[in-house]
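Notes for the one structure printed next.
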Amino acid sequence: MNILVLFGGCSPEYSISLQSAASVIRQMDREKFTPILVGITREGDWYHFTGDVKSIADGTWQQGVSCAPAALTPNRSEPYLLVYKGEATQQIPIDVVFPVLHGQNGEDGTVQGLCALKGIPVVGCGPLASALCMDKDRAHKLAQKAGIFVPRSFLLQPGFEEENALKKADALGYPLFVKPVKAGSSFGVVKVAEENGLLPAIRDAFSYDGEVMVEEAVPGFEVGCAVMGNRELFTGEIDEVELADGFFDFTEKYNLITSKIHVPARISPAKAVELKEAAKEIYRALGCRGFARVDLFLTPRGQIFFNEVNTIPGFTAHSRFPSMMKAAGMPLKEVITRAIQLAVES
């Protein structure tokens, strides 16, 4: 099967996508799959890439002669990638699209919608689930309908009344979090300790998205659950984020300077089972398929709160999703194979 692997993208998470994609490509079973590589620049241009995977990992993939402009049309009668080489156009048959794109314009249902129009299976969640999971506010509302606790919050849009926002924030109580509604990797997320930091944090968050969420800080710590499947669901082992200070922001997520990830989490077996069931409930409520990482909070009283769902989590060997699956007995190579198989399931 020819697997179109998409990497890069015009998102703040461009560089993270390169690392994940390089890992996916290296771990893909060549006896079953042939990866067809397409890089998307920060400006949104598509290129068929035939160079060394190392150039993807180090960010130099656009240099040299290994790139040719490419396109994936929405036409169902054209189940292939178009590659433009001068006046000639090459047609490469495509069986499955594997988007390794984090954040906006990749994880938010846009690429998934293109694949749906074209009628080509896509690895991971479809357009609706991808869009819902990217939208923290609406994802929380659906999870709450499914009976899962969610942090108290309120939503802001451009032109909001500052005085009203300050009053609502005071009602939630400090510290609290300010988050762009649709952004990943904690871009634009700020933990606000007191009132004078609120409005600057909101203005910063609006630079990432047109809606901003102000959310209470849930006591306790963050845990995650890797979920795979369409109808029958399989979970990895629960992981735990141990923080020395602050919160799990972009720097800590990708450098682990003062934080640690424990797999499995340092919790009781019974609580781990409860967390896995909650993660599966959220996965189903949001219409996920293929795979996703469900992030939760566990309070000192043992309550489970929903945080967010990552429909295209990190795929490096040290990323949380592969680590949780490995702890459950499924190595990364098998995860990738299973993800592709789930994409073609009816």
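The values are calculated or read from the model by the stated rules, or taken from the named source; none is laboratory data. The structure presented is a predicted model; accordingly, all values stated were derived computationally and were not measured. Cβ coordinates were reconstructed from backbone atoms using ideal geometry, including for glycine residues, and neighbour counts include every protein chain displayed. Calculation scope for accessible area: heavy atoms of the full protein, side chains included, ligands and nucleic acids excluded. Shrake-Rupley method; radii C 1.70, N 1.55, O 1.52, S 1.80 Å.
Odds and ends about this structure:
- Number of the exception - I40 against (1) β-branched (V, I, T); (2) touching a residue at least 60 places away in the same chain (Cβ under 8 Å); (3) in contact with a His (Cβ under 8 Å, 6 or more places away or on another chain): (3)
Rundown of residues vs (1) over 29 Å from D137 (Cβ atoms); (2) touching a residue at least 40 places away in the same chain (Cβ under 8 Å); (3) among the basic types (K, R); (4) in contact with a Cys (Cβ under 9 Å, 6 or more places away or on another chain), yes/no style:
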site	(1), (2), (3), (4)
N307	no, yes, no, no
H318	yes, no, no, no
L332	yes, yes, no, no
V335	yes, yes, no, no
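- Given (1) within 27 Å of V181 (Cβ to Cβ); (2) in contact with a Ser or Thr (Cβ under 7 Å, 6 or more places away or on another chain), number of the condition R320 does not satisfy: (2)
- All positions within the stretch 163-182 that are touching a residue at least 40 places away in the same chain (Cβ under 8 Å) and not in a loop (DSSP other than H, G, I, E, B): A165, K168, A169, L172, L176, F177, K179
- Selection within the stretch 107-140: residues that are on the phi > 0 side of the Ramachandran plot and either in contact with a helix residue (DSSP H, G or I) (Cβ under 9 Å, 6 or more places away or on another chain) or not in a loop (DSSP other than H, G, I, E, B) (or both). The member of this set that is surrounded by the most Cβ atoms within 10 Å (Cβ to Cβ) is G124.
- Residues satisfying the criterion are present in the stretch 183-194 (criterion: under 20 Å from the mean Cα position of the chain (by Cα) and either at pLDDT 95 or above or in a strand (DSSP E or B) (or both)).
- Among the residues making up the stretch 278-303, those that are in a strand (DSSP E or B), open to solvent by less than 20 Å² (accessible area, probe 1.4 Å) and touching a strand residue (DSSP E or B) at 6+ places or on another chain (Cβ under 6 Å) are F291, A292, V294, D295, L296, L298.
- Flag if V150 is under 21 Å from the mean Cα position of the chain (by Cα) and either surrounded by 12 or more Cβ atoms within 10 Å (Cβ to Cβ) or among the β-branched types (V, I, T) (or both): yes
- Among the conditions (1) within 20 Å of I267 (Cα to Cα); (2) open to solvent by 20 Å² or more (accessible area, probe 1.4 Å), D239 misses just one, which is (2).
- Taken together, the residues in the stretch 305-346 that are open to solvent by 30 Å² or more (accessible area, probe 1.4 Å), part of a helix (DSSP H, G or I) and small (G, A, S) amount to 2.
- Check on Y174, under 19 Å from the mean Cα position of the chain (by Cα), open to solvent by 20 Å² or more (accessible area, probe 1.4 Å) and hydroxyl-bearing (S, T, Y): no
- Yes/no for P264 being modelled with pLDDT of 95 or more, surrounded by fewer than 20 Cβ atoms within 10 Å (Cβ to Cβ) and within 23 Å of L332 (Cα to Cα): yes
- Elements of the type strands (runs of 3 or more DSSP E) sitting completely within the stretch 1-93 and holding at least 1 residues that are surrounded by fewer than 18 Cβ atoms within 10 Å (Cβ to Cβ): these cover 2-8, 34-40, 67-71, 80-85, 88-93.
- Condition met for R203 (without any contact (Cβ under 8 Å) to a residue 12 or more places away in the chain, surrounded by fewer than 20 Cβ atoms within 10 Å (Cβ to Cβ) and of a type outside the set (A, V, I, L, M, F, W, C)): yes
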